[in-house]
Amino acid sequence: MQNKRLLALALFAFHFSLFTSYAQTGTTAYEFVNIPISAHSAAVGGNNVSMVEDDVTLMFTNPALLANVTDKTLNFNFMTYMASGTKMSAAFAKQAGERGTWAVGAQVLNYGEMTETTAAMEELGKFKATDIGVQGGYTYLLTDTWSGGVQGKVLLSNYGEYKSVGLCVDLGLNYYDEERGFSFGIVAQNLGGQVKTLHEERQKMPFNLAMGISKEFVNAPIRISVGLQDLTHWKSEYYTSAGGKELNGSKRFWNHVSLGAEVFPSAQTWIGLGYNFRRGYEMKVADSSHWAGFSIGGGIGIKKFKLGVTYGKYHLAASSIIVNASYSL
């Protein structure tokens, strides 16, 4: 009875988050949280919220997926971004009783050193720009197939003399049927607001309502995933590519979709390939996306150590490499 009440409460929280997201106005802050951290998730299209793996980096997409992480797992990550920019992150997960798991994590996106100028392009000097996120979460096995998770986050932007601070939470659910190899995940990411702004204008948080399914083949070492992202944003202003072209009609639906497929050569290795329709469209210039939207990666586990590497494109200026390293203490 207690588990049923917990599940009902979690479902109500998702229903509430769907409606509160419409009340947010203005431009979006802290978009750095949408840049992938998990190499495994990034390889199959990006923000995968349904993948059931022993991978602590999945806490950055859906806190409910922490239920499958080995006790006392320590993780470090590195990503090359545009120009001299880099993204680094770390996470640690620990079991709490038979059905609970808690975790903490942090991420830093460093854009490198930039030149400060006036409106007349007179140089004033150099400054550094960084985005930082710190979070902590808890996951509980509600039933043998359902898990629920919540995590709080503090987000900071530091651009020279300008600073902002935001507070938000993620709410996640996951259903996993091990016998059928079927998983369903849903998450409301970044519910909250700014407590300190860069300027006088208050920006909304990068809210994202996402869901997805993952299915393993019974007679083959293959898993496919389908994800739906940004399900509360369907207006035309969200569909302008880098070339200034606006997407109309039913094609907008596909810009919420990501597709992924994995092959498992052994129990300790994986190879993944994915495509993110939104990313491919937004980075299209002169009718060419230059392979943006596609991603490919692989990973290996050796006893208590796991390594994952993925290639993708998340900015017009350059391609990116994501590297994850985890160790169970």
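What about Tyr111, is it in contact with a Ser or Thr (Cβ under 9 Å, 6 or more places away or on another chain), more than 19 Å from Asn158 (Cβ to Cβ) and assigned to a strand (DSSP E or B)? No.
Based on what the data block shows, is Glu216 of a type in the set (Asp, Glu) and loosely packed, with under 13 Cβ neighbours inside 10 Å? No: the conditions fail for Glu216. What are the residue pairs meeting all of these: first residue in region 110-122, first residue without any contact (Cβ under 8 Å) to a residue 60 or more places away in the chain and small (Gly, Ala, Ser), second residue open to solvent by less than 70 Å² (accessible area, probe 1.4 Å) and in a loop (DSSP other than H, G, I, E, B), Cβ atoms under 7 Å, and 6 or more apart or on different chains? Sorted first by the residue in region 110-122, then by its partner, the pairs are Gly112/Gly85.
The number of residues in region 61-71 being more than 17 Å from Ser225 (Cβ to Cβ) and open to solvent by 10 Å² or more (accessible area, probe 1.4 Å) comes to 3. Which one is farthest from Val134 (Cα to Cα), of the residues in region 29-57 that are open to solvent by less than 20 Å² (accessible area, probe 1.4 Å), part of a helix (DSSP H, G or I) and touching a residue at least 60 places away in the same chain (Cβ under 8 Å)? The selected residue is Ala43.
Of everything listed in (1) on the phi < 0 side of the Ramachandran plot; (2) at pLDDT below 95; (3) not aliphatic (A, V, I, L, M), the single unmet condition for Asp287 is (1). Can you say whether Gln151 is more than 20 Å from Thr130 (Cα to Cα) and either at pLDDT 95 or above or touching a Gly at 6+ places or on another chain (Cβ under 6 Å) (or both), as far as the supplied structure shows? Spelling it out, Gln151 is indeed more than 20 Å from Thr130 (Cα to Cα) and either at pLDDT 95 or above or touching a Gly at 6+ places or on another chain (Cβ under 6 Å) (or both).
Yes/no per residue for (1) small (Gly, Ala, Ser); (2) open to solvent by 50 Å² or more (accessible area, probe 1.4 Å):
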| site | (1), (2) |
| --- | --- |
| Met59 | no, no |
| Asn75 | no, no |
| Glu116 | no, yes |
| Lys126 | no, yes |
| Ala129 | yes, no |
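So, in region 308-328, how many residues would count as being polar (S, T, N, Q), surrounded by fewer than 24 Cβ atoms within 10 Å (Cβ to Cβ) and over 17 Å from the mean Cα position of the chain (by Cα)?
To start, the set of residues in region 308-328 that are polar (S, T, N, Q) comprises 310, 319-320, 324, 326, 328.
Now narrow it down to the ones that are surrounded by fewer than 24 Cβ atoms within 10 Å (Cβ to Cβ): 319-320, 328.
Adding the requirement that they be over 17 Å from the mean Cα position of the chain (by Cα) leaves 319, 328.
Residues that pass the stated criteria total 2.
Residues considered: Leu155, Leu142. Of these, the only one that is in contact with an Asp or Glu (Cβ under 8 Å, 6 or more places away or on another chain) and open to solvent by less than 60 Å² (accessible area, probe 1.4 Å) is Leu155. Suppose we keep only residues that are of a type outside the set (A, V, I, L, M), over 22 Å from the mean Cα position of the chain (by Cα) and open to solvent by 30 Å² or more (accessible area, probe 1.4 Å) within region 85-114. Which one would you say is farthest from Val169 (Cα to Cα)? Checking each candidate, the answer is Glu113. Would you be able to say whether some residue in region 143-151 is aromatic (Phe, Trp, Tyr), in a loop (DSSP other than H, G, I, E, B) and more than 24 Å from Gly192 (Cα to Cα)? No. Can you give me the number of residues within region 307-329 that are out of contact with any helix residue (DSSP H, G or I) (no Cβ under 9 Å at 6 or more places or on another chain), farther than 19 Å from Val108 by Cβ and of a type outside the set (A, V, I, L, M)? Residues in region 307-329 being out of contact with any helix residue (DSSP H, G or I) (no Cβ under 9 Å at 6 or more places or on another chain), farther than 19 Å from Val108 by Cβ and of a type outside the set (A, V, I, L, M): 3 in total. Filtered by the rule that a residue be touching a Gly at 6+ places or on another chain (Cβ under 9 Å) and farther than 30 Å from Asp54 by Cβ, region 293-316 gives a lone residue, His315. Checking the structure you have, find out if any residue of region 238-255 is on the phi < 0 side of the Ramachandran plot, in contact with a strand residue (DSSP E or B) (Cβ under 8 Å, 6 or more places away or on another chain), part of a strand (DSSP E or B) and modelled with pLDDT of 75 or more. The answer is no; no qualifying residue exists. Looking at the structure I just gave you, is Val195 touching a residue at least 24 places away in the same chain (Cβ under 8 Å) and hydrophobic (A, V, I, L, M, F, W, C)? For Val195, the condition - touching a residue at least 24 places away in the same chain (Cβ under 8 Å) and hydrophobic (A, V, I, L, M, F, W, C) - is met.
The values are calculated or read from the model by the stated rules, or taken from the named source; none is laboratory data. All figures in this text were calculated on a predicted structure; none of them were measured in a lab. Cβ atoms come from the backbone with ideal geometry, glycine included; neighbour counts cover every protein chain shown. Only protein heavy atoms, including side chains, enter the accessible area calculation; ligands, DNA and RNA are left aside. Shrake-Rupley method; radii C 1.70, N 1.55, O 1.52, S 1.80 Å.
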